[in-house]
Amino acid sequence: MDNKTLSIVSYITVIGWLVAFFVGKEKADNLLKYHLKQALGVVILSIVLGIVIQVIAIILPTLAWIISSVLYIISIGYMVIGVLNAAGEKQKPLPLIGDWADKTLTFIK
């Protein structure tokens, strides 16, 4: 697979990220490295949102399904934006989390 394809695959669940990371490890260019960071940021955001949903479900069980639906849509939206950026070979940060992921996830080199 080429780096553009691996960049797109990195946004498709944790398994897609792992495949893109290990398959592209030897031949990674700046595009792939950038999207690996952004995609891992989406994964971390999804985990954090999942924890938030669990806490809300304990406190407000009747509203938990509404809130979880909104947070689920946010996670999917980030994945779609990331895939579109990767497909267009753009290194554009994702809203709100993109700059954080680029600065924090420095182990991806």
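The values are calculated or read from the model by the stated rules, or taken from the named source; none is laboratory data. Since we're looking at a predicted model, the values are computed, not measured. Because the Cβ atoms are built from the backbone with ideal geometry, glycine has one as well, and the counts that use them run over all protein chains shown. Surface accessibility is based on the protein's heavy atoms, side chains included, excluding ligands, DNA and RNA. Shrake-Rupley method; radii C 1.70, N 1.55, O 1.52, S 1.80 Å.
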How big is the stretch 30-89 along each principal axis, measuring the range of its Cα positions in Å and listing the largest first? 44, 16, 5
For a quick protection proxy, order the peptides 17-24, 53-60 by their average other-Cβ count within 10 Å, most packed first. 17-24, 53-60
Given a Förster radius of 30 Å and the C-beta distance between I12 and W65 as r, what FRET efficiency does 1/(1 + (r/R0)^6) yield to the nearest 0.05? 0.75
Calculating volume of the Cα convex hull per residue in Å³ from this structure picks out, from (i) 101; (ii) 92; (iii) 144, entry (ii)
When you count, for each residue, the other Cβ atoms within 10 Å and take the mean per peptide, how do 6-16, 78-88 rank with the highest first? 6-16, 78-88
When only Cα pairs under 8 Å and 6 or more residues apart are kept, what is the percent relative contact order across the chain? 35
May I ask you to derive the FRET efficiency for M1 and V52 from their Cβ-Cβ distance with R0 = 25 Å, giving the value to the nearest 0.05? 0.15
Whole-percent carbon and sulfur share, accessible surface of the chain, 1.4 Å: 71
Probe 1.4 Å, accessible area per residue of the chain, Å²: 60
Label-point separation, V80 to L96 (7 Å along Cα→Cβ), nm: 1.6
Packing rank of 91-97, 25-31, where each peptide gets the mean count of other beta carbons within 10 Å, highest leading: 91-97, 25-31
